[in-house]
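Just below is one structure, and these are the notes that go with it.
Bear in mind these aren't lab numbers, they're just calculated from the coordinates by the rules spelled out. Here the structure is a predicted model, which means the values were calculated and not measured. Counting neighbours? That spans all protein chains shown, and the Cβs are built from the backbone with ideal geometry, glycine included.
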Amino acid sequence: MARYTGPVCRLCRREGTKLFLKGERCMTGKCAIDRRSTAPGQHGAANKKAKEYGTQLREKQKTRRYYGVLERQFENYFAEAERQSGMTGENLLVLLERRLDNVVYRMGMAESRKEARQLVLHGHFTLNGKKVTIPSISVKVGDVIAVKEGSRDSAKIKGLMEGVASKLNPKWLEVNKEAVVAKVVALPAREDIDFDFNEQLIVELYSK
């Protein structure tokens, strides 16, 4: 399945909640879901009774779109989460949080995960001192993420670096806001994920 390239606000409207796909814009009155909360399409405003499968599917789609991963990628993450010990649903969310593009977003160096993914793809970051261009790399405890030296003179990167000081960071990520360097000091836990997910619905969907 190809990556979605249409209006991202339609995705939020389809899931019925803000997925923060446009960063700060989502917190303003310009947010599409605040102006028109119904699902997109001709029958979006219809009052449909959600069935069990539909509810589970919407939760999976909401999670996948929030982190910006493709269908096959999401299935692979779920399979890996099942192989790990512990709760499969929580394992899944932790795996998604450990993606490098999510870490770049969490350290405050992007307005959205989509922007973070683009910045990583364009080679603006290093992982443990080495240039990296793969957004899906899973970070581990002790990893250090930094802006590449050659990118620090870019007007775009400079603007993002100036905004890091005002951003809140999760406790599993230690961010030096002056140097704009982040270190993974612990693996993210379920309570560190501040979005309203019902991961059990995803587990039930894949268990059918």
* Taking the convex hull of the Cα atoms, report for segment 54-120 its projected area averaged over all directions, in nm². => 4.8 nm²
* With charges only on Cβ, +1 for K and R and -1 for D and E, what is the dipole size of segment 153-200 about its Cα centre, in debye, rounded to 20? -> 220 debye
* To do: Please list, in chain and number order, the residues 5+ apart from L127 or on another chain whose amide H is under 5 Å from its amide H, with Hs placed from the backbone.
  => V132
* Semi-axis lengths (Å, descending) of the ellipsoid that matches the C-alpha gyration tensor of segment 89-208 -> 27, 14, 13
* Asked: Under the Karplus relation 6.51 cos²θ - 1.76 cosθ + 1.60, θ = phi - 60°, what is the ordered set of whole-Hz ³J(HN,Hα) values for segment 129-143, x standing for Gly and Pro?
  -> x, 10, 4, 9, 10, 10, x, 8, 3, 8, 7, 10, 4, x, 5
* Structure fact -> Under the 7 Å Cα-to-Cβ spin-label approximation, K171 and E75 lie apart by a distance in nanometres of 3.8 nm
* **Note, ³J(HN,Hα) from phi for segment 170-184, Karplus 6.51, -1.76, 1.60, rounded to Hz, x at Gly and Pro** => x, 5, 7, 10, 9, 10, 8, 6, 6, 7, 6, 10, 10, 10, 7
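Suppose the chain between R83 and A179 were pulled fully straight at 0.36 nm per residue; how much longer would it get relative to their current alpha carbon spacing?
Numbers: separation 96, 0.36 × 96 = 34.56 nm, distance 3.77 nm.
Between R83 and A179, full extension yields an extra 30.8 nm.
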* Structure fact -> Those GluC sites (Glu not before Pro) from segment 132-208 that are DSSP loop and have at most 10 other Cβ neighbours within 10 Å turn out to be E178
* Whole-Hz Karplus ³J(HN,Hα) for segment 149-166, in order, using 6.51 cos²θ - 1.76 cosθ + 1.60 and θ = phi - 60°, x for Gly and Pro? -> 3, x, 9, 5, 8, 5, 4, 5, 5, 4, x, 5, 5, 5, x, 4, 4, 8
* Structure fact -> Taking every alpha carbon pair in segment 148-198 and sorting the distances into 10 angstrom bins from 0 up to the bin holding the longest one, the percent per bin comes out as 21, 41, 29, 9, 0
